[in-house]
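A.B. asks: Sharing a structure here in structure tokens format.
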Amino acid sequence: MSDLLANLNAPQLAAVTLPPQHALILAGAGSGKTRVLTTRIAWLISTGQVGPQGILAVTFTNKAAKEMLSRLAAMLPINTRGMWIGTFHGLCNRFLRAHHREAGLPAQFQILDSADQLAAIKRLLKTLNVDDQKYPPRELMHFINAHKEQGLRAAQAEAYDHYTSRRVELYTEYEAQCRREGVVDFAELLLRSYELLQRNEPLCQHYQARFRHILVDEFQDTNRLQYAWLKLLAGRGSVTPRRRRRAFSRSATTTSRSMRFAARRLATCATCNASSSWRT
Ligand SMILES: Nc1ncnc2c1ncn2[C@@H]1O[C@H](COP(=O)(O)OP(=O)(O)OP(=O)(O)O)[C@@H](O)[C@H]1O
Ligand SMILES: [Mg+2]
């Protein structure tokens, strides 16, 4: 175990061995934040504070997730295969595959990447004979994704003028097309997962009980929906769908606010700011 901690500097060591509490770790680029998260996972497991299945760790790139898993495998004699370490999209995909029926998805649902999504929207506009000069596909895609990232389905989207009301109709048509074709875009992976957790209390409680430690790398980059998803899993979000217009509170809009929230709610978040000093 001491081997695990041997190569850390003093502030890194302090962050890795924090008692179970919510913490936000701020340090400069390349200063070892991801390394701290990885080592903390190894430390939590090797000291018997949590089993590998009790960890939820979110990274921003597949590359970072892979690196975290391979570093962990090198540090601990455990099989990392089943561990919930990945990107938001990767983990939501896994979650939806496991619970596709409850999520209302076919078992073999396909994922649309951005290029696929754009192509799907172009095809939709063509089918509906919509002028794509007036409703540029790329712009419509951003409109749809921005709504999803705020937790808003077409039925909840605000049609504040004629043009937008048509875009909301197209959002509805797009959702219908995705349903017919059994496909899910990136934003949908998250929104579906979030909605399922929110409406299925036993399922949500199962995961809340399971994930004893939640670690988020590059926390400053989480969007509102990702943050709401984390909050639900951390056991502090609202599980009953009380709000109609907004699926979750506005209080997380600014990074600094959400960081303060995180410091209270999430186990450990690594993020970087301009300074290269370590703060916990
Ligand atoms: N105490 C240390 N001793 C030796 N090497 C270290 C130490 N801390 C970090 N490193 C190395 O520095 C490099 C950067 O670390 P890491 O990727 O964890 O930093 P980061 O803060 O997450 O970077 P980024 O800002 O790019 O996300 C890695 O190769 C890591 O192994
Ligand atoms: Mg990093």
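The values are calculated or read from the model by the stated rules, or taken from the named source; none is laboratory data. Since the model is a prediction, treat every value here as computed from it, not as a measurement. Quick reminder, even Gly has a Cβ in these numbers, built from the backbone with ideal geometry, and neighbours come from all protein chains shown. Note: areas computed on protein heavy atoms with side chains; ligands, DNA, RNA excluded. Shrake-Rupley method; radii C 1.70, N 1.55, O 1.52, S 1.80 Å.
A.B. asks: Can you work out which of the residues in region 11-26 that are more than 16 Å from Thr59 (Cα to Cα) and within 10 Å of ligand 1 (Cβ to nearest atom) is least open to solvent (accessible area, probe 1.4 Å)? Break it down into steps so the answer makes sense when it comes.
C.D. replies: Step one: filter region 11-26 for residues more than 16 Å from Thr59 (Cα to Cα), giving 11-23.
Applying the additional criterion that residues be within 10 Å of ligand 1 (Cβ to nearest atom) yields 11-13.
Details: Pro11: 56, Gln12: 13, Leu13: 67 Å².
Going through the qualifying residues, I end up with Gln12.
A.B. asks: Could we say that Glu173 is under 16 Å from Phe186 (Cβ atoms) and touching a residue at least 24 places away in the same chain (Cβ under 8 Å) here?
C.D. replies: Working: under 16 Å from Phe186 (Cβ atoms): no; touching a residue at least 24 places away in the same chain (Cβ under 8 Å): yes.
Judged against the criteria, Glu173 is not a match.
A.B. asks: If you don't mind, there's one more thing I want to ask. Report yes if Leu72 is away from ligand 2 (no atom under 14 Å from the Cβ), modelled with pLDDT of 90 or more and outside any helix (DSSP H, G or I), otherwise no.
C.D. replies: Details: away from ligand 2 (no atom under 14 Å from the Cβ): yes; modelled with pLDDT of 90 or more: yes; outside any helix (DSSP H, G or I): no.
Criteria not met by Leu72.
A.B. asks: For region 28-67, which positions are near ligand 2 (Cβ under 10 Å from one of its atoms) and under 24 Å from His206 (Cβ atoms)? Don't jump to the end; show me each part of the working.
C.D. replies: Of region 28-67, the ones near ligand 2 (Cβ under 10 Å from one of its atoms) are 29-38, 59-61, 64, 67.
Matches in region 28-67: Thr59 only.
A.B. asks: Working only within region 225-246, note down all residues that are in contact with an Asp or Glu (Cβ under 7 Å, 6 or more places away or on another chain) and modelled with pLDDT of 90 or more. Spell out the reasoning first.
C.D. replies: The initial filter retains those residues of region 225-246 that are in contact with an Asp or Glu (Cβ under 7 Å, 6 or more places away or on another chain), namely 225, 239.
Across region 225-246, the qualifying residue is only Leu225.
A.B. asks: Determine which member of the set Leu197, Leu189, Leu152, Leu170 is crowded, with 19+ Cβ neighbours inside 10 Å and not in a helix (DSSP H, G or I).
C.D. replies: Leu152
A.B. asks: Please tell me if Thr80 is touching a Phe, Trp or Tyr at 6+ places or on another chain (Cβ under 7 Å) and either of a type outside the set (A, V, I, L, M, F, W, C) or away from ligand 2 (no atom under 16 Å from the Cβ) (or both).
C.D. replies: Details: touching a Phe, Trp or Tyr at 6+ places or on another chain (Cβ under 7 Å): no; either of a type outside the set (A, V, I, L, M, F, W, C) or away from ligand 2 (no atom under 16 Å from the Cβ) (or both): yes.
When the stated conditions are applied, Thr80 does not pass them.
A.B. asks: Among what's in region 27-42 and is of a type in the set (Gly, Ala, Ser) and either without any contact (Cβ under 8 Å) to a residue 60 or more places away in the chain or more than 14 Å from ligand 1 (Cβ to nearest atom) (or both), pick the residue that is surrounded by the most Cβ atoms within 10 Å (Cβ to Cβ). Working first, answer last.
C.D. replies: The initial filter retains those residues of region 27-42 that are of a type in the set (Gly, Ala, Ser), namely 27-32, 42.
Narrowing further to those that are either without any contact (Cβ under 8 Å) to a residue 60 or more places away in the chain or more than 14 Å from ligand 1 (Cβ to nearest atom) (or both): 30, 32, 42.
Working: Gly30: 9, Gly32: 19, Ala42: 21.
Per the criteria, the residue is Ala42.
A.B. asks: Mind checking which residues of region 202-226 are among the hydrophobic types (A, V, I, L, M, F, W, C) and outside any strand (DSSP E or B)?
C.D. replies: As a first pass, look at region 202-226 and keep what is among the hydrophobic types (A, V, I, L, M, F, W, C): 203-204, 209, 211, 214-216, 219, 225.
Within region 202-226, Leu203, Cys204, Ala209, Phe211, Phe219, Leu225 qualify.
A.B. asks: I've got another one for you. With respect to Leu56, is the statement that it is within 18 Å of the chain's Cα centre (by Cα) and not charged (D, E, K, R) true?
C.D. replies: Numbers: within 18 Å of the chain's Cα centre (by Cα): yes; not charged (D, E, K, R): yes.
It is true that Leu56 is within 18 Å of the chain's Cα centre (by Cα) and not charged (D, E, K, R).
A.B. asks: For Ile45, state whether it is more than 10 Å from ligand 1 (Cβ to nearest atom), aliphatic (A, V, I, L, M), within 15 Å of Leu8 (Cβ to Cβ) and not in a strand (DSSP E or B). First the steps, then the outcome.
C.D. replies: Details: more than 10 Å from ligand 1 (Cβ to nearest atom): yes; aliphatic (A, V, I, L, M): yes; within 15 Å of Leu8 (Cβ to Cβ): no; not in a strand (DSSP E or B): yes.
So Ile45 does not fit the description; no.
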